[in-house]
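Colleague: First, the structure itself, so that you have it in front of you.
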Amino acid sequence: MQDILISKITIPSLSAESIRRETLYRKLKKISAYTLSVFTAGAGYGKTTALIQYLSGKKSAVGWYNLGPEDDNIYFFAIYLVNAINHIFPGLYQWYGTRLGIEEQLDWKTLFFCLMTGIEQYNSKHNECFLVIDDWQYAHQCFDICMFFDRFLAHMPANIHVVLISREYVMLPEVERMRLQGRVLDFFPQDLLFTAEEIAAFFRMEQLFDIDEKEIQEIFNRTEGWIIVIKLLANQWKDDVEQLSNYLKNGNFDLDCFFEYLSHTIFNRQSLGLQDFLMKTSLVQSFDSAYCREVLEIEYPVPYLDTVAKTGLFISKIGTDAYRYHSLFQEFLQKQAKLRIVHIKELYDKIAVFYQKHDNAEWALYFFLQEKRWDAASEILSAAGRYWILCGRQEVFMKYLQKLPETYRRHPKIYMALGDRERISSSYEKAVYWYKKARKIFYACGNALELSQCCRSMGELYLDIIQPDVAQTYLRQAYKLLPAGSEREKGDVLALMSENMINHGYSHRAERYLRLRKWVLSFDQADKNNLQARIYLRTGRIQKAIHTLENKYREEAGARTPCSFRECSLILSLCYCFMGDVSQAISYSSASIEYGNKVQSPFVSLIGYVRMGHALLLDFHHTEEICRQAYHKAMMLAEQLRIARGTTEMYWGQCLLYALEGNWEESRKIGMQALTVTTAGHDNWFAAILYHALGMSAALCGNYDEGQAYSLKALKLFEKCRDSLGQTACYWQLTYQCYKRNDKKQFQQYYKLLLTNCHKYNYAFILERKTLLGDIAGFDSKEFELYSAALDRYGTLSSSNTAAIVIQTLGGFKLFRNGSELGSEVWRRKAAKKLLVVLISMYTAPISRETLMNILWPHGSSKEVQRNFKVVLNYLLHVLEPARQPRARSRFIVSTDSFLQLHLDEQLQLDVQAFERSIHEGCMEIYRHVGKAQKLLLNGLHLYKGEFMAGEVTDDIVLRERERLRLLALRGAETLGFSYIEQKKYDQAIYWANHILQIDICWESAYQLKLISYGELHDQALLIRTITMCSEQLKKELNVAPSLKTREIYQKYSMTNN
């Protein structure tokens, strides 16, 4: 056989240093799982480099074949391919040469048969190996080579992984068949492009440290991650420091060398017809077959498009019938077009007309400006300007406006667009100037429709800044100016009037205006300013508001008209604050801030920061500093804009913020300041919000009576506005205030109203979590439930109308006689109190007099002890029954010659007895009737206010009873917690787990409850925090590790969540 070039079967060498590309590497690792991998990309994408970097880390054998234009013969191809495979199966090449020497005819079938025979003979170990063919595009024109290799792919051993690298799409029949079977891993240009982070890493590797993140992003945008250009720039900047300095100063690339490379290597090698096609299609951002037919007058452009795509000329397909060039290749082609196309201005005109015909105003305007058709450009800008402004494209509008000569800018619609621009950027005085200038021209021309639109814009402006009286004046003018047949415009003005009523707090009038609009404009139900959602919000239909807004937010997807404080994301943020969903509230407020910055509307950003502050209030202890920063940023913007609407809502949040700090004076001051502004604007609903905030703030600072006065004012206004959520929030606050004041009668009244509304309107969230209108400080509404249950069942325990004696022992000793608590002064004889304590501790059975005397006087003489006991017992009976006649039988202590015992009935009530009964009954019922059991357990646990006889001098009897009752409370809470786990009520389970840990920090079942709950809620962070706390506490207190069961629960949910 002939000699071979070793370089053609040698893996190309790489530079010593290279960066690791994680995303690409993850896909490269999948090569071992596929029979065939195909890299398809044009020159300079780093196909070969990426593959070599990956294979260099593999221990498997690799055969490499570098194809070239000279390999256009089946014999040469087969010889080099066998030489490459010889690296995998040593000895194959020698055997193959000998075998071919005895063959008479060397066609592709013979060469193929011999190759497969040799592979079967030498592939004895069946180890994984790789065969790489680089630059496959040189072989695809030869029929014999394609047939030979197609059959090789069909019959090659399973342990060989083939990798093809090509500038053109590989279309062998077997490759397509394997693609359908999912056995081909395709790499396309987008897989090989560098990310901005990878470009930064590459420059650091090249010792270019002066390029910051912003400049890296600019390089990425220009190069689109094309590595050949990135390397070219790095080499230039390393060799010539002045070029780098020029780029850092001016942001200009020197791409002459690269363009020269494109010219000689790619462009000049194409036919003249294809060159002309490339230049003319590069003048537009993207092109399709319609562009080719109408502008280039190519009736059948498909052959051109196929040629461009197949030859790897840096083109991408967009959708089904559109194409775009790589930005740098397009820049090169455009330079060529300006040099080579003779009548390029005529071509610009054809392109402008084409875009005008296809309703693409921006590109039509661009090409009219290119050929200096000022009149046509002015007409397009005046027609499209307001739409661009309202879509957030102010910069585009101003860019084209500045290209027009001054005389062509004097168009009233352009003035209107400028007014819209200033209004969106919150420069309201400038906006009024432009609107009035436009109105003057429209009035002179007698154009009633345009004049009406001008008045309407003025009305919208005053709506933005909540000046309802001025807004109404302009809106009425706008409505009256509309000629007959202007139903759409009339409907839009009616919608704005509806909004004006919302700003007044008259939601029912607003709905009437909306119904009138629907009657006038039955065919258009669009709600541009989110009126219906805002009516839902202000009347308590919070779920409907969220549903409406989220649907609209998804539909708009970024192409929306800025609408001041009416933005979907702003309203959604407030809705979620009302519902207590902090993450969603923060997400939507962040989106509002981002959008406000994008469309240059500081007012939207201002309200966005305010809403973010509101959301952060719900987690104030963890986010205090960020919350302050959000309100501070809002304050800075408000001072610049001087708009009352922004400051009042900010004052609302700050009123609550000061209250959370316990600063009632500042809270009241800023709340009243906001009320003054709001009352002047006649917004009843927001006035109700502020009164409610003052009520909340007063209660947070412990001023419950003052808070109730504010809350009742808020309730009255919410009723006037027909806001059911506001009313329910007031009921919560009034319930809380009564709870804190221990006003049992009013508590039950407001708590019943609260529960009724929560059930009726689906407001369970106001009881379950922190909300901006309900609890904001972390009070658990379950306390209401426990308090109410205790009042229902044991309401007589401390102020009985029937029981003469009530004894409280859990959390401290208290004795009530006929509804009044007896103070410490009644216990002049300490032994009498100790006797009562012992009788209570052993209330379930009679106690012998001898035992009691030994407990009271363990070292006294018999006669003295008996005399003292008689005196002490008489004193105790007098304390309990001061009106009892001498020698009369006691109602409360059963006394015989030998024993004493408390007589517990409706006349003498003991909290320990009620506690024990409820817990025992609850634990027994848990397997029969869960709901009943839970209620019993809740009642019992509410009675457990602390340790038995806390604060009293104790002996062994009391200590044993204390420990017994503590364990009973722990078991009851544990049973209740696991019952909530069974019902998937994980928040309640966590609550009772925390309750247990307050009693006993080492109660392991409580940690198990929390682990299961956090595991089911997929909260990995709290899962880890819980097992860590469990381990630390058990180690610290008991010097033991968590039990196997606890560790198994943690491992189960840790693995599941991962």
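The values are calculated or read from the model by the stated rules, or taken from the named source; none is laboratory data. Since this is a predicted model, take the numbers as computed values, not measurements. When we count neighbours, we look across all protein chains shown, and the Cβ atoms used for this are built from the backbone with ideal geometry, even at glycine.
Colleague: Just for region 439-473: of the residues that are within 23 Å of residue 687 (Cα to Cα) and not hydrophobic (A, V, I, L, M, F, W, C), which one is modelled with the highest pLDDT?
Modeller: Step by step, filter region 439-473, then rank; the result is 460.
Colleague: Within the group 261, 291, 247, which residue is among the aromatic types (Phe, Trp, Tyr) and modelled with pLDDT of 70 or more?
Modeller: After applying the criteria, what remains is 291.
Colleague: Of everything in region 446-458 that's touching a residue at least 24 places away in the same chain (Cβ under 8 Å) and not polar (S, T, N, Q), which residue is surrounded by the most Cβ atoms within 10 Å (Cβ to Cβ)?
Modeller: By that ranking, first place goes to 454.
Colleague: Additional query: Going through 80, 54 one at a time, which residue ends up being without any contact (Cβ under 8 Å) to a residue 40 or more places away in the chain, buried (at least 17 other Cβ atoms within 10 Å of the Cβ), within 18 Å of residue 12 (Cα to Cα) and of a type outside the set (Gly, Ala, Ser)?
Modeller: Among 80, 54, only 54 is without any contact (Cβ under 8 Å) to a residue 40 or more places away in the chain, buried (at least 17 other Cβ atoms within 10 Å of the Cβ), within 18 Å of residue 12 (Cα to Cα) and of a type outside the set (Gly, Ala, Ser).
Colleague: If I filter region 4-15 for residues that are closer than 28 Å to residue 117 by Cβ, out of contact with any helix residue (DSSP H, G or I) (no Cβ under 7 Å at 6 or more places or on another chain), modelled with pLDDT under 90 and in a loop (DSSP other than H, G, I, E, B), do I get at least one hit?
Modeller: The answer is yes, given that some residue of region 4-15 is closer than 28 Å to residue 117 by Cβ, out of contact with any helix residue (DSSP H, G or I) (no Cβ under 7 Å at 6 or more places or on another chain), modelled with pLDDT under 90 and in a loop (DSSP other than H, G, I, E, B).
Colleague: Quick one: residue 141 ticks every box in (1) buried (at least 17 other Cβ atoms within 10 Å of the Cβ); (2) part of a loop (DSSP other than H, G, I, E, B); (3) in contact with an Asp or Glu (Cβ under 8 Å, 6 or more places away or on another chain) except a single one, so which number is it?
Modeller: Of (1) buried (at least 17 other Cβ atoms within 10 Å of the Cβ); (2) part of a loop (DSSP other than H, G, I, E, B); (3) in contact with an Asp or Glu (Cβ under 8 Å, 6 or more places away or on another chain), only one is false for residue 141: (1).
This table checks each residue for (1) assigned to a helix (DSSP H, G or I); (2) surrounded by fewer than 16 Cβ atoms within 10 Å (Cβ to Cβ); (3) small (Gly, Ala, Ser).
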site: 328; (1), (2), (3): yes, no, no
site: 337; (1), (2), (3): yes, no, yes
site: 348; (1), (2), (3): yes, no, no
site: 385; (1), (2), (3): yes, no, yes
site: 388; (1), (2), (3): yes, no, no
site: 402; (1), (2), (3): yes, yes, no
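Colleague: Only one of 406, 379, 371, 362 is without any contact (Cβ under 8 Å) to a residue 12 or more places away in the chain, of a type outside the set (A, V, I, L, M) and over 30 Å from residue 474 (Cα atoms); which?
Modeller: Just a single option satisfies the conditions, and that option is 406.
Colleague: When you check residue 962 against the structure, is it free of Cβ contacts under 8 Å to residues at least 40 places away in the same chain, in contact with a Ser or Thr (Cβ under 8 Å, 6 or more places away or on another chain), more than 25 Å from residue 881 (Cα to Cα) and in the same structural domain as residue 850 (by TED's automatic domain parsing), yes or no?
Modeller: Spelling it out, residue 962 is indeed free of Cβ contacts under 8 Å to residues at least 40 places away in the same chain, in contact with a Ser or Thr (Cβ under 8 Å, 6 or more places away or on another chain), more than 25 Å from residue 881 (Cα to Cα) and in the same structural domain as residue 850 (by TED's automatic domain parsing).
Colleague: Continuing with the same structure: When you scan region 554-563, do you find a residue that is outside the structural domain of residue 725 (by TED's automatic domain parsing), crowded, with 21+ Cβ neighbours inside 10 Å, modelled with pLDDT of 75 or more and assigned to a helix (DSSP H, G or I), even just one?
Modeller: The answer is no, given that none of the residues of region 554-563 is outside the structural domain of residue 725 (by TED's automatic domain parsing), crowded, with 21+ Cβ neighbours inside 10 Å, modelled with pLDDT of 75 or more and assigned to a helix (DSSP H, G or I).
Colleague: In region 923-947, how many are under 28 Å from residue 892 (Cβ atoms), in contact with a helix residue (DSSP H, G or I) (Cβ under 8 Å, 6 or more places away or on another chain) and not hydroxyl-bearing (Ser, Thr, Tyr)?
Modeller: 7
Colleague: Could you go through region 466-473 and let me know if any residue there is in contact (Cβ under 8 Å) with a residue 60 or more places away in the chain, over 20 Å from residue 385 (Cα atoms) and surrounded by 22 or more Cβ atoms within 10 Å (Cβ to Cβ).
Modeller: yes
Colleague: Right, here's the next one. Applying the selection to region 161-177, what residues are within 28 Å of residue 22 (Cβ to Cβ) and either surrounded by fewer than 16 Cβ atoms within 10 Å (Cβ to Cβ) or not charged (D, E, K, R) (or both)?
Modeller: Of everything in region 161-177, those that are within 28 Å of residue 22 (Cβ to Cβ) and either surrounded by fewer than 16 Cβ atoms within 10 Å (Cβ to Cβ) or not charged (D, E, K, R) (or both) turn out to be 161, 162, 163, 164, 165, 166, 169, 170.
Colleague: Taking the condition among the β-branched types (Val, Ile, Thr) and touching a helix residue (DSSP H, G or I) at 6+ places or on another chain (Cβ under 7 Å), does residue 676 pass?
Modeller: Answer is no for this residue.
Colleague: Please state which one of 222, 204, 179 is more than 19 Å from residue 47 (Cα to Cα), part of a helix (DSSP H, G or I) and assigned by TED's automatic domain parsing to the domain that holds residue 162.
Modeller: Going through 222, 204, 179 in turn, the sole match is 179.
Colleague: From the list 349, 306, 276, exactly one residue is over 21 Å from residue 400 (Cβ atoms), of a type in the set (D, E, K, R) and modelled with pLDDT of 85 or more. Which is it?
Modeller: Exactly one of 349, 306, 276 is over 21 Å from residue 400 (Cβ atoms), of a type in the set (D, E, K, R) and modelled with pLDDT of 85 or more, namely 276.
Colleague: In addition: Any chance region 915-935 includes a residue that's hydroxyl-bearing (Ser, Thr, Tyr), in the same structural domain as residue 973 (by TED's automatic domain parsing), over 25 Å from residue 819 (Cα atoms) and under 42 Å from the mean Cα position of the chain (by Cα)?
Modeller: yes
Colleague: State yes or no: is residue 770 surrounded by fewer than 24 Cβ atoms within 10 Å (Cβ to Cβ), of a type in the set (D, E, K, R) and in a helix (DSSP H, G or I)?
Modeller: Answer is no for this residue.
Colleague: Just to check your reading of the model, which residue among 981, 1012, 1001 is of a type in the set (Val, Ile, Thr) and touching a residue at least 40 places away in the same chain (Cβ under 8 Å)?
Modeller: On inspection, the qualifying residue turns out to be 1012.
Colleague: Within the group 892, 869, 816, which residue is modelled with pLDDT of 90 or more and among the aromatic types (Phe, Trp, Tyr)?
Modeller: Testing whether each residue is modelled with pLDDT of 90 or more and among the aromatic types (Phe, Trp, Tyr) leaves just 869.
Colleague: What do you reckon, is residue 688 more than 26 Å from residue 601 (Cα to Cα) and under 31 Å from the mean Cα position of the chain (by Cα)?
Modeller: Against the criterion (more than 26 Å from residue 601 (Cα to Cα) and under 31 Å from the mean Cα position of the chain (by Cα)), residue 688 qualifies.
Colleague: As an exercise: evaluate residue 164 against (1) in a loop (DSSP other than H, G, I, E, B); (2) touching a Ser or Thr at 6+ places or on another chain (Cβ under 8 Å); (3) under 23 Å from residue 8 (Cα atoms) and give the number of the one condition it does not meet.
Modeller: With (1) in a loop (DSSP other than H, G, I, E, B); (2) touching a Ser or Thr at 6+ places or on another chain (Cβ under 8 Å); (3) under 23 Å from residue 8 (Cα atoms) applied to residue 164, the lone miss is (1).
Colleague: Next up: Only one of (1) among the charged types (D, E, K, R); (2) within 22 Å of residue 959 (Cα to Cα); (3) in contact (Cβ under 8 Å) with a residue 12 or more places away in the chain fails for residue 891. Which number is that?
Modeller: (2)
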